[in-house]
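Read through the structure below, which is laid out as structure tokens, and then see the notes.
The values are calculated or read from the model by the stated rules, or taken from the named source; none is laboratory data. The shown structure was predicted, so the numbers you read here are calculated from the model rather than taken from an experiment. Methodologically, a virtual Cβ is constructed for each residue, glycine included, from the backbone with ideal geometry; neighbour enumeration extends over all protein chains shown. In case anyone asks, the SASA skips ligands and DNA or RNA and just uses the protein heavy atoms, side chains included. Shrake-Rupley method; radii C 1.70, N 1.55, O 1.52, S 1.80 Å.
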Amino acid sequence: MTIDTRFLVPPGGPYLMAHSVGCLPVTAREALERYMLAPWAAKGGEAWPDWLSAIDDFRAALARLLGGAAADYCPQPNLSAGLFAVLSALPRRPGRDVIVASAHTFPSLGFAAQQMERLGYRFVLIPEGQDPSYLATWDQALSEAVAFVLVMHVHSNTGVVAPVTEIAGMARARGIFSVIDVAQSAGILPIDVNSWGAGAVIGSCVKWLCGGPGAGFLWIDPEEVGALEPLPVGWFSHAQPFAFDIRDFRYAPDARRFWGGTPSIAPYALATAGIELIAETGVAAILEHNRALIARLAGHTPEAWQPQFDRAQRGGTVCLQPGPAIDVVFERLARAGCRFDRRGDTLRLSFHLWNTLDDADLVGEYLSPIR
């Protein structure tokens, strides 16, 4: 297995952090120059048409990879901003004042949702003991009082995959607006936003999409967008951003109504390079590579650990719980120069295209003596 040289991989031992910060592609430098720096050098403050074309390319790249149309996507600085914008946009309905999410949800999203209590909503968490991969968990939680349900496609600390199509379908049948978080699945699991039936999808390019920080995104069901009026707005949320009439605000007709004020350009230029490389390779091929390396690693580990390598209904990250040996395992991997992270009693290791069988073997060698 040859090393994939299309990525800027930090020096040292195996880089196993695609679940946190994926490696930027080599083409990111050229993309930044082409989309951001060269227009500035040539045109200065008149470079806006060139810069906005970079955003157009970003939205189009997302549509090619994840489905939907480019007009259904809006850049966001991060998932939390996108979530709050969506939650603020739905018209209030009598008797519908609950926002539901699993306690396994990434905390930042919970923090954003909690702020909706200041607007009269109640934020309710499904307890940790109820598995978010079970449809029955959501069936019980989606009562007549629920206005929104927030679902993580892949849960960051367990790798568990939620049945998002079934949850979104259940929610829609009950008059509940569903928001799906794909931060841990976009780029490693197949996604077709059109087929899910969700009201909105939020994501980030910093992880498996290898696009760097600062380039989040929001997809809105085109059948829903006309009824959604987000509170956070700016001149780029306007149907005609360059009209400059302070007395005449009109929402953009598509997902751009969620955009806000003066946009950043550089993060989306970098992210487009990552998205295009993922699309060029194909998510199916990336997933196959990931599974092959996980299987290789599993072959080195104790029998008692094997269930943790079962990939059924799991994302791309190995969420390893070594038990009492966790400190020893952590120290050994760190000493070998491995880049990974720890969340409580869980070690997270992710194999992406830049990783090889040698990487899996090296990690396995440091795990195999532990019984």
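Please determine, by comparing only the residues of region 117-134 that are among the hydrophobic types (A, V, I, L, M, F, W, C) and surrounded by 13 or more Cβ atoms within 10 Å (Cβ to Cβ), which one is nearest to residue 87 (Cα to Cα). Reasoning before the result, please.
Within region 117-134, the subset among the hydrophobic types (A, V, I, L, M, F, W, C) is 119, 123-126.
Still in the list and also surrounded by 13 or more Cβ atoms within 10 Å (Cβ to Cβ): 123-126.
On the way: 123: 11, 124: 14, 125: 16, 126: 18 Å.
The residue in question is 123.
For region 189-216, how many residues meet the condition of being touching a helix residue (DSSP H, G or I) at 6+ places or on another chain (Cβ under 6 Å) and either under 15 Å from residue 162 (Cα atoms) or of a type in the set (A, V, I, L, M, F, W, C) (or both)?
13
Would you confirm whether or not region 295-309 contains a residue that is in contact (Cβ under 8 Å) with a residue 40 or more places away in the chain, open to solvent by 70 Å² or more (accessible area, probe 1.4 Å) and closer than 25 Å to residue 25 by Cβ?
So far as region 295-309 goes, yes, one or more of its residues are in contact (Cβ under 8 Å) with a residue 40 or more places away in the chain, open to solvent by 70 Å² or more (accessible area, probe 1.4 Å) and closer than 25 Å to residue 25 by Cβ.
What number of residues within region 323-341 satisfy the criterion of being surrounded by fewer than 18 Cβ atoms within 10 Å (Cβ to Cβ) and within 19 Å of the chain's Cα centre (by Cα)?
1
When the residues of region 178-225 are narrowed to those that are touching a strand residue (DSSP E or B) at 6+ places or on another chain (Cβ under 8 Å) and among the polar types (S, T, N, Q), which ends up nearest to residue 263 (Cα to Cα)?
Applying the filter and picking the extreme gives 204.
Out of everything in region 159-188 that is touching a helix residue (DSSP H, G or I) at 6+ places or on another chain (Cβ under 7 Å) and among the hydroxyl-bearing types (Ser, Thr, Tyr), what residue ends up being farthest from residue 76 (Cα to Cα)?
Restricting to residues being touching a helix residue (DSSP H, G or I) at 6+ places or on another chain (Cβ under 7 Å) and among the hydroxyl-bearing types (Ser, Thr, Tyr), the top hit is 165.
Hey, can you tell me all the residues within region 187-238 that are buried (at least 17 other Cβ atoms within 10 Å of the Cβ), under 30 Å from residue 353 (Cα atoms) and among the charged types (D, E, K, R)?
Across region 187-238, the qualifying residue is only 207.
So which strands (runs of 3 or more DSSP E) stay within region 255-371 end to end and still have 1 or more residues that are among the acidic types (Asp, Glu) and at pLDDT 90 or above? Working first, answer last.
On the way: elements: 317-320, 341-343, 346-350.
The qualifying strands (runs of 3 or more DSSP E) are 341-343.
To keep it simple, each residue is scored yes or no on (1) open to solvent by 40 Å² or more (accessible area, probe 1.4 Å); (2) modelled with pLDDT of 95 or more; (3) among the small types (Gly, Ala, Ser); (4) over 30 Å from residue 160 (Cα atoms).
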residue	(1), (2), (3), (4)
13	no, no, yes, no
17	no, yes, no, no
25	no, yes, no, no
39	no, yes, no, yes
64	yes, yes, no, no
75	no, yes, no, no
85	no, yes, yes, no
95	yes, yes, yes, yes
115	yes, yes, no, no
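Taking the condition in contact with a Gly (Cβ under 9 Å, 6 or more places away or on another chain), in contact (Cβ under 8 Å) with a residue 60 or more places away in the chain and farther than 27 Å from residue 164 by Cα, does residue 316 pass? Walk me through how you get there before you give the answer.
Values: in contact with a Gly (Cβ under 9 Å, 6 or more places away or on another chain): yes; in contact (Cβ under 8 Å) with a residue 60 or more places away in the chain: yes; farther than 27 Å from residue 164 by Cα: no.
Here the answer is no, as residue 316 does not meet what is asked.
Please specify each residue of region 283-313 satisfying the condition of being within 21 Å of residue 164 (Cβ to Cβ) and either of a type in the set (Gly, Ala, Ser) or over 19 Å from the mean Cα position of the chain (by Cα) (or both). Walk me through it before giving the result.
Step one: list which residues in region 283-313 are within 21 Å of residue 164 (Cβ to Cβ), which gives 283-284, 286-287, 290-291, 310-313.
Matches in region 283-313: 284, 291, 310, 311, 312.
Of the residues 353, 320, which is aliphatic (A, V, I, L, M), surrounded by 18 or more Cβ atoms within 10 Å (Cβ to Cβ) and more than 17 Å from residue 188 (Cβ to Cβ)? Reasoning before the result, please.
On the way: 353 fails: more than 17 Å from residue 188 (Cβ to Cβ).
Going through 353, 320 in turn, just one is aliphatic (A, V, I, L, M), surrounded by 18 or more Cβ atoms within 10 Å (Cβ to Cβ) and more than 17 Å from residue 188 (Cβ to Cβ): 320.
Of the residues 121, 134, which is among the aromatic types (Phe, Trp, Tyr) and farther than 18 Å from residue 200 by Cβ? Don't jump to the end; show me each part of the working.
Numbers: 121 fails: farther than 18 Å from residue 200 by Cβ.
Result: 134 is the single residue among 121, 134 that is among the aromatic types (Phe, Trp, Tyr) and farther than 18 Å from residue 200 by Cβ.
Between a residue in region 1-26 that is in contact (Cβ under 8 Å) with a residue 60 or more places away in the chain and any residue that is among the basic types (Lys, Arg) and buried (at least 22 other Cβ atoms within 10 Å of the Cβ), which pairs come within a Cβ distance under 8 Å, given they are 6 or more apart or on different chains?
Close Cβ pairs satisfying both conditions: 18/207; 19/207; 20/207; 21/207; 22/207.
May I ask you to list the residues in region 162-186 that are open to solvent by less than 20 Å² (accessible area, probe 1.4 Å) and more than 13 Å from the chain's Cα centre (by Cα)? Before the answer, list the steps.
The initial filter retains those residues of region 162-186 that are open to solvent by less than 20 Å² (accessible area, probe 1.4 Å), namely 162, 164, 167-168, 171, 176-186.
Correct list: 162, 164, 167, 168, 171, 176, 177, 178.
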